[in-house]
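Worksheet for the structure shown next.
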Amino acid sequence: MIMVGTAEVENHNGYSNGSVNGVLEEKLDELRCFLGKAEGDPLRIVGVGAGAWGSVFVALLQDSYGQFRDKVSIRIWRRPGRVVDRATAEHLFEVINSREDVLRRLIRRCSYLKYVEARLGDRTLYADEILKDGFCLNMVDTPICPLKVVTNLQEAVWNADVVVNGLPSTETREVFEEISRFWKERITPPVIISLAKGIEAELEPVPRIVTPTQMIHRASGVPLENILYLGGPNIAAEIYNKEYANARICGAEKWRKPLAKFLRQPHFIVWDNGDLVTHEVMGGLKNVYAIGAGMVAALTNESATSKSVYFAHCTSEMIFITHLLAEEPEKLAGPLLADTYVTLLKGRNAWYGQMLAKGALSLDMGDSIKGKGMIQGVSAVKAFYELLGQPSISVLHPEEKKPVAPVELCPILKKLYSILITRDFPSQAILQALRDETMHDPRERIEMAQSHAFYIPSLLGQ
């Protein structure tokens, strides 16, 4: 936006060029000072994993702070060798030619010809190669800024000050176990921001949830106070396109407050919160029910009535589960419902449920889908079912007055498990669960959760 009578031009961050440099450099200097960085020693920020949200998060930092090259280095690691198939290359070529700014950028960088050759089938493109030009394989319709890509994990992380975990929860432990080998000689541990939404169930010796930040702590040895979680009702492509959004960074006060200030942008507001694990678990929980929402939408031809019935039941189950996990669950209602709402509207887990119900995808194809990445709701269904199915954490059934496993009070979760994990039923069974005449009024489940002492601290390792 050009201002009449001035030379101010609005840039991608939403600031005007007349003020952006001063504001951003001041925030960068504050974080450098907080981390004890000396003059001439750049702050090293590294993203690990290049899915849609991981790539966008690093691109937002690059757009904001990449201009201060003597003060900060921003890079992203992804595995080498992932081939871009012919159909994706053809679509990518269409995207490039539909965006004049992207087309001009590639021509300036002498990179356009390789996309022509890939379109014709004369060249093979790789995911790390196109990411350097600003294309994430899981989000090719939304070009981002060019990124500095590293394919050697040791080179990427060994001296990083801030590490952004953009890996799926299912890959987090394995990669950070490898990373730990490169950090053995470090004197000062890095700060880690995890974007992963997913959980694992640990059943021995006591049933409990294991979150990505806990996986990172166990695998790497980095103190928990140095590991934070950032999440919110966010769709990666929309955030990069400057749709107004907010998120919470959760963890120790020492790090979350300066990082919240550093990450905040005019269109991306970052709040801070001390309740790390509970927010992290809620980020995984909504993915469970998003898959079912997609199934219901597809099977009922987008019936608003059917979707609202499902929403009532799934939210009542989520409220019940939060009462098991949190001592003050009412504080989570807003963040959880907001994250659930956006995921049901446009998230990959809801899309996955739709594709399964339509027959466009099958469970045999796995939960890593081309163009979408990892569908984390599948593993979350398994984890929550197994955890809440343990008789050792039974609750008193309000009507039958006998101990039952908590999962017995979550019929939607049970049905999703039987569809996705044991595969005893087809996707259509989700509608049968909704129409079951023995199904309780969702209000009763909420009242039950609010009137009984269901909180089980051990589930979160408290």
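Here are some notes:
- Element breakdown for the range 337-392 at a 1.4 angstrom probe: carbon and sulfur atoms account for 54% of the accessible area.
- Residue-normalised accessible area of the range 86-125, given per residue in Å² at a 1.4 Å probe: 63 Å²
- Taking 30 Å as the straight-line reach from the Cα of LYS401, the lysines in range (excluding those fewer than 8 positions away in the same chain) are LYS286, LYS331, LYS382, LYS414, LYS415.
- Exposed-loop-free span, longest in the chain, where GluC sites (Glu not before Pro) count as exposed if DSSP calls them loop and at most 13 other C-beta atoms lie within 10 Å: 40-184
- Formal net charge of residues neighbouring TYR244 (Cβ-Cβ distance under 13 Å; K, R +1; D, E -1): 0
- The calculated pair-distance distribution of the range 277-460 uses every alpha carbon pair, bins of 10 angstrom beginning at 0, and gives 9, 40, 37, 13, 1 percent.
- The range 34-132 - charge dipole about Cα centre, Lys and Arg +1 at Cβ, Asp and Glu -1, debye rounded to 20: 180 debye
- On Cα atoms only, tilt of 17-34 relative to the major axis of the chain in degrees: 70 degrees
- The distance linking the range 361-380 with the range 418-438 is 19 Å (Cα centroid to Cα centroid, whole angstrom).
- Proportion of all alpha-carbon pairs of the chain beyond 39 Å (%): 25 percent
- Label-to-label distance, LEU396 versus GLU302, with points set 7 angstrom from Cα along the beta-carbon direction: 4.8 nm.
- Degrees between helix 276-299 axis and first principal axis of the chain (Cα, 0 to 90, nearest 10): 80 degrees
- Measuring gaps between exposed loop sites in the chain (trypsin sites (Lys or Arg not before Pro); DSSP loop; at most 11 other Cβ atoms within 10 Å), the longest gap, sites not included, is 185-369.
- Residue (of THR340, LEU120, CYS33) at the positive-pole extreme of the chain, dipole from beta-carbon charges: LEU120
- Estimated from the Cβ-Cβ distance and a Förster radius of 35 angstrom, the FRET efficiency linking GLU330 and THR124 is about 0.05.
- Surface composition of the range 86-125: carbon plus sulfur atoms hold 48% of the accessible area, using a 1.4 angstrom probe and ignoring ligands, DNA and RNA.
- Value in Å of the Kirkwood radius, where the range 86-125 supplies the Cα pairs that are averaged: 9.9 Å
- Of the residues MET282, MET365, VAL309, the one whose Cα sits farthest towards the positive end of the charge dipole of the range 277-460 is MET365 (charges of +1 on Lys and Arg Cβ, -1 on Asp and Glu Cβ, taken about the Cα centre).
- Cα long-axis angle, helix 333-346 against the chain (0 to 90 degrees, to the nearest 10): 70 degrees
- Whole-angstrom gap from the range 31-70 to the range 245-272, using each part's C-alpha centre: 15 Å
- Note that the range 20-70 presents 39 Å² accessible area per residue, ligands and nucleic acids not counted, probe 1.4 Å.
- Here the chain is treated with +1 on each Lys and Arg Cβ and -1 on each Asp and Glu Cβ, and its dipole about the Cα centre works out to around 880 debye.
- The spacing between the range 394-414 and the range 81-149, judged by their C-alpha centroids, is 52 Å.
- A 1.4 Å probe run over the protein chains yields, for the range 277-460, 42 Å² of accessible area per residue, whole-number rounding.
- q = 0.14 Å⁻¹: log10 I(q)/I(0) that the Debye formula gives for the range 311-420, counting C-alpha atoms only: -0.66
- The charge dipole of the range 86-125, taken about the Cα centre with unit charges on the Cβ atoms of Lys, Arg (+1) and Asp, Glu (-1), comes to about 200 debye, rounded to the nearest 20.
- Stretching SER180 away from ASP141 to a fully extended chain increases their span by 10.5 nm, per 0.36 nm per residue minus the current alpha-carbon distance.
The values are calculated or read from the model by the stated rules, or taken from the named source; none is laboratory data. As the structure is a computational prediction, the values presented were derived from the model and not from experiment. Cβ atoms come from the backbone with ideal geometry, glycine included; neighbour counts cover every protein chain shown. SASA here: full protein model, heavy atoms, side chains in, ligands and nucleic acids out. Shrake-Rupley method; radii C 1.70, N 1.55, O 1.52, S 1.80 Å.
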